[in-house]
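Everything below concerns the one structure shown next.
No value in this document is a laboratory result; all are computed from the given coordinates. Just so it is clear, the structure is predicted and the values come from calculations on it, not from any experiment.
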Amino acid sequence: MKKPIFTDKAPLAIGPYSQAIQWGDVVFISGQIPLIPATGELNNATFEDETNQVFDNLEAICNEIGGTLNNILKLTIFLTDLSKFDTVNKIMESRFSEPFPARATVEISKLPKEVNIEMDAILSVQA
């Protein structure tokens with residue numbers, strides 16, 4: 001049975017979807033953009049700010065189900081400018097431990113609220 005996951009430490013959904021859905025030991029986290037949970041405002045002064053805020057939002061959802069970023073099995077990153085790929089890699093190396101999750105990075109033309117980055121994730125809560 002699927003179970004919705006919600007935390008006020010991550011942004012509210014901006015459409016008809018859940019922050020995350022748990023199915024057994026697997027959790028599917030919806031796409032996260034650099035919204036500050038407390039205010040709903042964008043943290044977009046720099047690309048680094050955007051990227052760290054997205055990781056903060058993912059981490060808050062992971063924490064809500066008793067996990068961490070290191071429970072992520074598959075991460076998908078959407079960028080409006082693939083030249084930012086190296087910046088994402090550096091920040092990711094500082095936020096994750098090896099073995100790193102499987103990952104896809106895709107350049108797209110536009111994201112919600114005109115942000116430059118969005119990520120979704122699949123994680124396991126199994127020990």
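Which ³J(HN,Hα) values, rounded to whole Hz and listed in residue order, are derived for the range 30-35 from phi using the Karplus coefficients 6.51, -1.76 and 1.60 in 6.51 cos²θ - 1.76 cosθ + 1.60 with θ = phi - 60°, glycine and proline given as x?
With the stated coefficients, the range 30-35 comes to 5, x, 10, 10, x, 8 Hz.
Given the options Pro11, Pro34, Pro99, which has the most mean-square fluctuation in a GNM of the chain, springs set between C-alpha atoms less than 10 angstrom apart?
Checking each option, the largest mean-square fluctuation is seen for Pro99.
Across bins of 5 angstrom width beginning at 0, how are the C-alpha pair distances of the chain distributed, in whole percent?
For the chain, the pair-distance distribution reads 2, 11, 23, 26, 21, 13, 4, 1, 0.
What list of ³J(HN,Hα) couplings, whole Hz, do you get for the range 102-116 from phi and the Karplus terms 6.51, -1.76, 1.60, once you set θ to phi - 60° and write x for glycine and proline?
Karplus-based 3J(HN,Hα) across the range 102-116 equals 4, 7, 10, 10, 10, 8, 10, 7, 7, 10, x, 6, 6, 6, 9 Hz.
For the range 1-25 and the range 59-127, write down the distance between their C-alpha centroids in whole Å.
Taking the Cα centre of each part, the range 1-25 and the range 59-127 sit 17 Å apart.
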